[in-house]
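Notes to accompany the following structure.
The values are calculated or read from the model by the stated rules, or taken from the named source; none is laboratory data. It should be emphasised that the depicted structure is a prediction, and the values quoted were computed from it without experimental measurement. So basically every Cβ, Gly included, is an ideal-geometry build from the backbone, and we count neighbours across all protein chains shown. Just so you know, the surface numbers come from the protein's heavy atoms only, side chains and all, with ligands and any DNA or RNA stripped out. Shrake-Rupley method; radii C 1.70, N 1.55, O 1.52, S 1.80 Å.
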Amino acid sequence: QVQVVESGGGMVQSGGSLRLSCAASGTIFNINTMGWYRQAPGKERELVAGITRGGSTNYADFVKDRFTISRPNAKNTVYLQMNSLKPEDTAVYYCNADVFGSSWARPYVYWGQGTQVTVSS
């Protein structure tokens, strides 16, 4: 089994910064893509940023030049550095990991439980 655990959420004023962390553990052969999503009240979950094992990244337009995703040594931990936060960034932020349990297994996407980010104006 695989566990994905996020941390680092909290409350910050507009213009402030937060750093989210996510760690995957358990029966892991390797992980292809890890990503951050968010879901605000009454809205659908949306992609924030993703990073592949090779280091390729993609960002939603609404966070470009403000957020940075990183994954040191292509391991099982991913970070999201969030700068210049806005009230509209308020949401629950979820991490996911595209996990291969073995060399012959198909990948399966695991999700964390989410961490709340609240940005006050």
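In the list Trp111, Trp104, which residue meets the criterion of being in contact (Cβ under 8 Å) with a residue 24 or more places away in the chain and either open to solvent by 50 Å² or more (accessible area, probe 1.4 Å) or over 12 Å from the mean Cα position of the chain (by Cα) (or both)? Before you say what the answer is, go through the steps one by one.
Values: Trp104 fails: in contact (Cβ under 8 Å) with a residue 24 or more places away in the chain.
Going through Trp111, Trp104 in turn, just one is in contact (Cβ under 8 Å) with a residue 24 or more places away in the chain and either open to solvent by 50 Å² or more (accessible area, probe 1.4 Å) or over 12 Å from the mean Cα position of the chain (by Cα) (or both): Trp111.
Please specify each residue of region 3-30 satisfying the condition of being part of a strand (DSSP E or B), open to solvent by less than 40 Å² (accessible area, probe 1.4 Å), out of contact with any Cys (no Cβ under 6 Å at 6 or more places or on another chain) and at pLDDT 95 or above. Lay out the reasoning, then the answer.
Going through region 3-30, the residues part of a strand (DSSP E or B) turn out to be 3-7, 10-13, 18-26, 30.
Next cut, open to solvent by less than 40 Å² (accessible area, probe 1.4 Å) only: 4, 6, 10, 12, 18, 20-22, 24, 30.
Checking which are out of contact with any Cys (no Cβ under 6 Å at 6 or more places or on another chain) leaves us with 10, 12, 18, 20-21, 24, 30.
Within region 3-30, Gly10, Val12, Leu18, Leu20, Ser21, Ala24 meet the criteria.
For (1) closer than 22 Å to Ser121 by Cα; (2) in contact with a Phe, Trp or Tyr (Cβ under 8 Å, 6 or more places away or on another chain); (3) among the hydrophobic types (A, V, I, L, M, F, W, C), each residue gets a yes or a no:
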position	(1), (2), (3)
Asp65	yes, no, no
Asn76	no, no, no
Val92	yes, no, yes
Cys95	no, yes, yes
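For residues that are part of a loop (DSSP other than H, G, I, E, B) and under 16 Å from Gly15 (Cα atoms), scanning just region 81-101, find the one that is least open to solvent (accessible area, probe 1.4 Å).
Applying the first criterion (part of a loop (DSSP other than H, G, I, E, B)) to region 81-101 yields 83-86, 90, 101.
Among the residues that remain, those that are also under 16 Å from Gly15 (Cα atoms) are: 83-86, 90.
Details: Asn83: 57, Ser84: 61, Leu85: 1, Lys86: 81, Thr90: 38 Å².
It comes out as Leu85.
Collect the residues in region 68-102 that are within 16 Å of Ala49 (Cβ to Cβ) and among the aromatic types (Phe, Trp, Tyr), keeping them in residue-number order.
Answer for region 68-102, where residues must be within 16 Å of Ala49 (Cβ to Cβ) and among the aromatic types (Phe, Trp, Tyr): Tyr79, Tyr93, Tyr94.
Regarding Val78, is this residue open to solvent by less than 30 Å² (accessible area, probe 1.4 Å) and either part of a strand (DSSP E or B) or on the phi < 0 side of the Ramachandran plot (or both)?
Criteria met by Val78.
Among the residues of region 1-46, which ones are free of Cβ contacts under 8 Å to residues at least 24 places away in the same chain and small (Gly, Ala, Ser)?
Gly42
Do any residues in region 47-69 that are farther than 19 Å from Val109 by Cα and open to solvent by less than 40 Å² (accessible area, probe 1.4 Å) have Cβ atoms under 8 Å from those of residues that are of a type in the set (A, V, I, L, M, F, W, C) and in a loop (DSSP other than H, G, I, E, B), where the two are at least six apart or on different chains, and which pairs are they?
What qualifies is Arg66/Leu85.
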